[in-house]
Amino acid sequence: MQNYLTPNFSFAPVIPDRAAGSRVWDTEGREYIDLAGGIAVNALGHCHPALIEALHEQAAKLWHISNIYTTEAAQQLAKKLTEHTFADKVFFCNSGAEANEAALKLARKYARDHFGAEKNEIIACVNAFHGRTLFTVSVGGQPKYSQDFAPLPPAITHVPFNDAEALAAAVSDKTCAVIIEPVQGESGVLPAEAAFLQAARQACDKHNALLIFDEVQTGMGRTGKLFAYEHYGVQPDILTSAKALGSGFPIGAMLTTDAVAPSFGPGTHGSTFGGNPLACAVAGRAFDLIHDPKTLQHVERSGELLKTELAALGKETGVFKDVRGVGLLIGCVLADEYAGRAGELTQEALKHGLMILVAGGNVVRLAPSLLLNDEDRQEGLARLKAAVQAWLQA
Ligand SMILES: *Cc1c(COP(=O)(O)O)cnc(C)c1O
């Protein structure tokens, strides 16, 4: 097929056409098990009937209205998000990068409002991923995504992930924010240690800096809790969500407290499509389904099963040396002799009717539907095993 898009993506050789639950069919009619979930987006699988209903209902009522008005759909979603988290106020946007952009801008503004313009430094983690806008690639800790777009925004320092001492040493009275992914997603599915997040909270409290948790990937049920910070007992001042929030409909959100929100006064920040009624209606329905204790228990149970089964497959075939992650965000670390070849395995898996992801060159990542059933999980594992065997023989 002729490709009319800019070459920043290298597309897979199949074209998905339709999907239901954890199954996808391409334009040739071939079927796939989807254990990628659109990179942790399709939290309720594909084309969930309740989401279709919410979308259709809202589509017949109101699609878009300018941000000089609020809507019931936006207020209801914000109410759910604040009632079930640390937060009191929500800013809506359209993606994870935009949610982080808002979080970082708010942190700079809050520090300036309360402590002066010199309090502007941001502490982030090596290998972090926060999105692809200029500010978020700069705060992200992967120079390969930022260096070619220099000059970059200044006053950003990176410390090694899970190095509590380095973090404590980096935070000072000039720090306006510390931003952390509770589980580093893109760079290998690496869970934060509790001591690291606790150290971040302490350092922020000591120096009047804001703690930002980027839960764009870990958020909305992915780890078996609504948000991953609940596992740690450490509360942020700002939290960002996107990906699973709309479960396939584009929406992002920045959550914060009543103490911090006033720095985003009228006119300070905005987004034409942020809080779009269609997105909020779908996300509102998705919230109810994800927040259901049955869903969260299912994530915990099927995540444990999947991890155990993947570890067994890794041992049997010798390809994985470790399987890690929380809930249904799982990383299979390739054994040393296969290091750097995760992409090859995902390509082989696709040939065997299985969609999976990489997280860096050494980790195969799975982020399936939170509703993944036993049959699809087992069939997915069988296809992965076949793919691994074919790959080893190639
Ligand atoms: C995907 C991701 C983002 C960026 O989200 P977009 O919707 O692609 O802008 C930011 N942070 C984390 C942790 C992510 O996983």
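Nothing in this text is a laboratory measurement; each read-out follows from the coordinates by a stated rule. Please read all numbers here as calculations on a predicted model, not as lab measurements. So basically every Cβ, Gly included, is an ideal-geometry build from the backbone, and we count neighbours across all protein chains shown.
Enumerate the whole-percent occupancy of each 5 Å bin, from 0 to the last occupied one, for all C-alpha pair distances of the stretch 339-394.
Going from the shortest bin to the longest, the percentages are 4, 20, 29, 25, 14, 6, 1.
Taking 4 °C and 1.567 mPa s as the conditions, I'd like the Stokes-Einstein D for the stretch 3-118 in µm²/s, using the Kirkwood hydrodynamic radius from alpha carbon pairs.
Diffusion coefficient, whole number: 70 µm²/s.
Cα centroid distance between the stretch 34-51 and the stretch 129-168, in Å?
Rounded to whole Å, the Cα centres lie 30 Å apart.
Treating only the Cβ of Lys, Arg, Asp and Glu as charged (+1, +1, -1, -1), what charge dipole size does the stretch 245-394 show about its Cα centre? Round to the nearest 20 debye.
Charge dipole of the stretch 245-394: 160 debye, to the nearest 20.
How large are Rg and Dmax for the chain when only the alpha carbon atoms are used, in Å?
Computed over the Cα atoms of the chain, radius of gyration and Dmax are 20.8, 62 Å.
How would the stretch 141-181 be classified by its alpha-carbon gyration tensor: rounded, prolate or oblate, with rounded meaning a/c under 1.5 and the a/b versus b/c comparison settling the rest?
Oblate.
Can you work out the Karplus-derived ³J(HN,Hα) for every residue in the stretch 157-162? Use 6.51 cos²θ - 1.76 cosθ + 1.60 with θ = phi - 60°, whole Hz, and x for glycine or proline.
10, 10, 10, x, 4, 6
Where does the longest stretch of the chain lie that holds no GluC sites (Glu not before Pro) found in a DSSP loop with 13 or fewer other Cβ atoms within 10 Å?
Formally, the longest exposed-site-free interval is 119-394.
How big is Rg to Rh over the stretch 122-165, alpha-carbon atoms, Rh as the Kirkwood inverse-mean-distance radius?
Answer for the stretch 122-165: 0.96.
If we count other beta carbons within 10 Å of each Cβ, what is the order of Ile68, Ile156, Ile33, fewest first?
Placing the least packed residue first, the sequence is Ile68, Ile156, Ile33.
Let me check the size of the stretch 237-386 from its C-alpha atoms; what are the radius of gyration and Dmax in Å?
My reading of the Cα-based Rg and Dmax gives 19.1, 59 Å.
What is the fewest-to-most order of Lys307, Lys243 by other Cβ atoms lying within 10 Å of their Cβ?
Lys307, Lys243
Assigning unit charges at the beta carbon (Lys, Arg +1; Asp, Glu -1) and nothing else, what dipole magnitude in debye, to the nearest 20, does the stretch 55-110 show about its Cα centre?
Computed about the Cα centre, the dipole is about 200 debye.
Just report the Cα centroid separation between the stretch 176-206 and the stretch 328-385, whole Å.
26
Would you please state the base-10 log of I(q)/I(0) at q = 0.19 1/Å for the stretch 265-352, with intensities from the Debye formula using one equal scatterer on every alpha carbon?
One equal scatterer on each Cα of the stretch 265-352 leads to -0.91.
Return Leu345, Leu81 ranked ascending by Cβ neighbour count within 10 Å, so the fewest neighbours appear first.
Going from least to most buried by this count: Leu345, Leu81.
Beyond 22 Å, what percent of the Cα pairs of the stretch 189-323 remain?
In whole percent, the share of Cα-Cα pairs in the stretch 189-323 beyond 22 Å is 52.
Dividing the convex hull volume of the alpha carbon atoms of the stretch 59-136 by its residue count, what do you get in Å³ per residue?
Hull volume over Cα atoms, normalised by residue count, gives 160 Å³.
Using the structure shown, list the pairs from Lys61/Lys351; Lys225/Lys385; Lys105/Lys243; Lys119/Lys321; Lys80/Lys174; Lys109/Lys144 with a Cα-Cα distance above 32 Å, or answer none.
Lys61/Lys351; Lys119/Lys321; Lys80/Lys174
The stretch 50-180: Rg/Rh from Cα coordinates, Kirkwood Rh?
For the stretch 50-180, the value is 1.06.
Of all the C-alpha pairs in the stretch 299-394, what % are more than 15 Å from each other?
Beyond 15 Å sits 55 percent of the P(r) for the stretch 299-394.
Only bridges with both residues in the chain count here: give the DSSP antiparallel percent, nearest 5.
Counting only bridges with both partners in the chain, antiparallel ones make up about 65 percent.
What is the pair-distance distribution P(r) of the stretch 113-235, computed from all Cα-Cα distances in 10 Å bins starting at 0, with each bin given as a whole percent?
It works out to 14, 45, 34, 7, in whole percents.
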